[in-house]
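Undergrad: Before anything else, here's the structure in question.
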């Protein structure tokens, strides 16, 4: 369970070695980060993560499910938590593979310094924070799009594609005036001020 | 006069008695003679006349010696008187009478005295029987019997005259010399026995002729060819005048005897040569343990001269306690027939002259001679062999050690991983403390806990290093002890745990229940397990299907041994590789040294066990290791350990 100080984000530690989990927990605590730890990939996947910025410290070599397998499982579930891998000697190729698969980075045991660790962790949390924000924003937008009527949505889409009102009128077989009305209503519902903003949302307005 | 031979029939009854008497005397076939006391012939009957060829008239009135007794004329008066005196005694005797025309006759007499009218002896009456022919016949028959006997004797008996002509040669000569007829009489002996034989025996013949017995013992050319070995004794034969008139020859064929004698001699010489030149020491002792014989090889081995040990007790060649106990050993064997060494052979330690010990292989056999018991011992100096064995064991230890060090390569990844765990824990804990110190917020109990963790993790790292150090240890630092195979298997599995995990191999253990104990050098047996398990992991490196390492151990009470099988689900051992599998330098790994299995087998065999490779029923390789063991708590050891 997350500890008291949650302001900066939570570090999720997954390692089969008790002593390493304890050590990392203590270090994160000292650095003012909240922690949460699991002894195996299975235990992690059985957990429902809260909707907060997090970083995953994942041991690469574990019995049962190893680090790479955990990474793949997380991707399958669409967890977007950034991962920092902890590797032992001789696992470089696996680590490189992990990074190609989207990991943020890796640290080599036991040579990594706390500075390296904390930097990556903070980077990860920030990254996750941004990711979460973007997701919240997306949800908002989708919510607003859902407010639009069928016609409004059609008009908004064509406007986002850069078409003039006149052309849109011909396209949809309605009057230009009607187009203007739908356009202004959709802009209001979407809480947008400028057409550029609408253009930016073009991909989200696609065929529903 | 008792009667007159010429008085014939006067008619009266006295006369008829007289006539009868006369007739009896006259016509008797007995010789009847009457002598007076001077030896003069008074009466001479017809039988006497016929025998002697002399008429009564020529004889009557003369002393008997003059006419009838051979050599009688030469007798003195005194001798004659003595003769008469003897004749007067009633008795029987044998003498000879001369005859006018022939040889002397042998006569058997029965005499008596006749008394005169005055009652005093006056005449001697003699009645006799001619036994000449009888004797002759007897003599003839005896001679015949003798001849028959002599003929049947297997020896050669011959009688030669002075010119070496044969008077008599027994039948054996015929067979011997391949002669056509039995009768060789009259021939020169040379014609019968051959010139060569004659030449050789001539000396003996001449000795005999000179009156001396002599014997020749030696080879003689055989008339039929070849040679025989004979013993020929020649003796002079003497006539009635005691002069040598010929040679008796008695010869025995001792060819066979001679052959046996020579064979025996050769045999003996051969035996002596063998014993003398044998490389092994040969010592013969009697039942008291006294040394009878000590060959040159034994002299070399023990540093004693034969002369200085013969007659002394064999215990002097042994160290204590055998020296004092040797008499008991012999007695025990003689009483019970059980030998510690007899019938078996044994390695023992002997004692040289300078007191130094010498390792020997000893074999003993009992034998009897003249009803006396002796023991013959064969000793071989095996010092060199023992030294070589020792060196080989040391060599194996060295090699095994190098193999273990090479095996370390396979542990490196695991080792690094294992060590980095506690080190990471130590580092993060320490750094956490430092961070808190920077912030001025390190409470003492947190510090205490942190330091305890650091210590614990350092100890953990230490253990891992200890395991490796233990694995790398040289064999001679660990003396053989009593170990349980299952414990050793588990140690090795722990050492290789990282490798097993990385290889994603499932380990299935089916270990003994109850536990058994082996006398083993722990480091070496663990090395064997290490090599076999590591090989199994490598074999399964490319296996796509199930990767399973199965280890099974069983105690077999019949053979008092522990059977351990290690099998994998890899591709198995190729038919072509089977023969060479345990050869040094044979390997199928590109980076392999090829020593692992060869060393494994050497180690196992040195422990008195076996290591066999095969393919399991599911296709993977299967190694079976058999080690002599005892079941824990059984109380008695297997053999002599």
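Taken together, the values in this text are just the output of simple stated rules run on the coordinates, not laboratory data. Here the structure is a predicted model, which means the values were calculated and not measured. Glycine gets a Cβ as well: all are built from the backbone with ideal geometry, and neighbour counts include every protein chain shown.
Undergrad: Using only the Cα atoms of the range B:94-240, build the gyration tensor, take square roots of its eigenvalues as a ≥ b ≥ c, and label the shape rounded, prolate or oblate: rounded if a/c is under 1.5, else prolate if a/b is larger than b/c, else oblate.
TA: Working: a/c = 3.80, a/b = 3.01, b/c = 1.27.
Verdict is prolate for the range B:94-240.
Undergrad: Over every pair of different alpha-carbon atoms in the range B:167-272, take the mean of 1/r and invert it; report that Kirkwood radius in Å.
TA: On the way: mean 1/r = 0.0657 Å⁻¹.
It works out to 15.2 Å.
Undergrad: Between the range B:41-107 and the range A:10-88, what is the separation of their alpha carbon centroids in Å?
TA: A separation of 167 Å, based on Cα centres.
Undergrad: Over the Cα atoms of the range A:117-193, compute the convex hull volume and normalise it per residue, giving Å³. Working shown, then result.
TA: Details: hull volume 7.4 nm³, N = 77.
Expressed per residue, the convex hull around the Cα atoms of the range A:117-193 is 96 Å³.
Undergrad: Sticking with this structure for a sec: Could you please rank B:112, A:10, A:111, placing first whichever residue has the fewest other Cβ atoms within 10 Å of its Cβ?
TA: Values: B:112 15, A:10 24, A:111 12.
By the 10 Å Cβ count, ascending: A:111, B:112, A:10.
Undergrad: Please report, for the Cα atoms of the range B:26-120, the Rg to one decimal and the Dmax as a whole number; what are they, in angstrom?
TA: 13.0, 42
Undergrad: Is the shape of the range B:270-312 best called rounded, prolate or oblate, per the rule: a/c under 1.5 gives rounded, else a/b larger than b/c gives prolate, else oblate, with a ≥ b ≥ c the square roots of the Cα gyration tensor eigenvalues? Kindly include the intermediate steps, with their values, before the conclusion.
TA: On the way: a/c = 2.20, a/b = 1.34, b/c = 1.63.
Oblate shape, in that a/c is at least 1.5 and b/c is the bigger or equal ratio.
Undergrad: Separate question: How many angstrom lie between the Cα centre of the range B:295-363 and the Cα centre of the range A:137-178?
TA: 121 Å
Undergrad: Neighbour counts of other C-beta atoms within 10 Å: give me B:108, A:128 arranged from fewest to most.
TA: Working: B:108 17, A:128 21.
Neighbour counts put them in this order, fewest first: B:108, A:128.
Undergrad: Okay, next question. Is there a simple number for the mean count of other chain Cβ atoms within 10 Å of the Cβ of residues in A:108-117, and what is it?
TA: Values: counts 2, 10, 11, 4, 4, 2, 7, 1, 0, 3.
Rounded to a whole number, the mean comes out at 4.
Undergrad: Using the scaling law 2.2 N^0.38 Å as the reference, what is the normalised Cα Rg of the range B:535-584?
TA: Working: Rg = 14.1 Å, N = 50, 2.2 N^0.38 = 9.7 Å.
In units of the 2.2 N^0.38 Å rule of thumb, it is 1.45.
Undergrad: A further question on this structure: Using only Cα atoms, figure out Rg for the range B:367-499 and give it as a multiple of 2.2 N^0.38 Å.
TA: Numbers: Rg = 28.3 Å, N = 133, 2.2 N^0.38 = 14.1 Å.
Cα-based Rg divided by the globular estimate yields 2.01.
Undergrad: Further question on the same structure: Any chance you could give the angle, 0 to 90 degrees and rounded to 10, that helix B:77-88 forms with the longest Cα principal axis of chain B?
TA: Once rounded, one gets 80 degrees.
Undergrad: Now a separate question. Using C-alpha positions alone, give me the convex hull volume of the range B:231-371 per residue in cubic angstrom.
TA: Spread over its residues, the Cα hull of the range B:231-371 gives 191 Å³ apiece.
Undergrad: Compute the separation of the alpha-carbon centres of the range B:491-570 and the range B:161-218 and state it in Å as a whole number.
TA: 98 Å
Undergrad: Evaluate the Debye formula for the range A:100-152 with equal point scatterers sitting on the alpha carbons, no solvent, and hand back log10 of I(q)/I(0) at q = 0.14, 0.26, 0.28 Å⁻¹, in q order, two decimals.
TA: Log10 of I(q)/I(0), two decimals: -0.57, -0.99, -1.05.
Undergrad: I've got another one for you. Can you give the relative contact order of chain A as a percent, counting alpha carbon pairs under 8 Å and 6+ residues apart?
TA: On the way: 274 pairs, mean separation 31.7, N = 208.
Contact order relative to length: 15 percent.
Undergrad: Kindly give the semi-axes, whole Å and largest first, of the ellipsoid equivalent to the range B:501-598, taking each as the square root of 5 times a Cα gyration tensor eigenvalue.
TA: Details: eigenvalues 124, 68, 33 Å².
They are 25, 19, 13 Å, listed largest first.
Undergrad: For the range A:29-92, go through all pairs of different Cα atoms, get the mean of 1/r, take its inverse, and jot down that Kirkwood value in Å. Intermediate results must be reported in sequence, preceding the final value.
TA: On the way: mean 1/r = 0.0784 Å⁻¹.
Across the range A:29-92, the inverse of the average 1/r is 12.8 Å.
Undergrad: Treating the angle as unsigned and between 0 and 90°, give the value, to the nearest 10°, between the Cα long axis of helix B:522-539 and the longest Cα principal axis of chain B.
TA: 60 degrees
Undergrad: Further question on the same structure: Can you give the angle from 0 to 90° between the axis of helix B:596-606 and the longest principal axis of chain B, with both taken from C-alpha atoms, to the nearest 10?
TA: Once rounded, one gets 50 degrees.
Undergrad: Over the range B:332-400, what relative contact order in percent results from Cα pairs under 8 Å that are six or more residues apart? Could you put the intermediate results ahead of the total?
TA: Working: 78 pairs, mean separation 14.9, N = 69.
For the range B:332-400, the relative contact order is 22 percent.
Undergrad: Separate question: Taking the beta-carbon count within 10 Å as an exposure proxy, list A:78, B:130, A:18 from fewest neighbours to most. Mind dumping the intermediate values first?
TA: Working: A:78 6, B:130 18, A:18 12.
Result, fewest neighbours first: A:78, A:18, B:130.
Undergrad: How high is the relative contact order of chain B, in percent, counting Cα pairs under 8 Å that sit 6 or more residues apart? Present the calculation step by step, with values, prior to reporting the outcome.
TA: Numbers: 1040 pairs, mean separation 34.8, N = 641.
Dividing the mean separation by the residue count of chain B yields 5 percent.
Undergrad: Continuing with this model, one more query. Shape call for chain B from the C-alpha gyration tensor, a ≥ b ≥ c root eigenvalues: rounded (a/c under 1.5), prolate (a/b greater than b/c) or oblate?
TA: prolate
Undergrad: Per the Kirkwood formula on distinct C-alpha pairs, the Rh of the protein assembly as shown is how many angstrom? Numbers along the way, then the final one.
TA: On the way: mean 1/r = 0.0230 Å⁻¹.
The answer is 43.5 Å.
Undergrad: Give me Rg over Rh for the range B:438-551, both radii from the alpha carbons and Rh done the Kirkwood way, two decimal places. Intermediate values should be presented prior to the final figure.
TA: Numbers: Rg = 19.6 Å, Rh = 17.0 Å.
Ratio of gyration radius to Kirkwood radius: 1.15.
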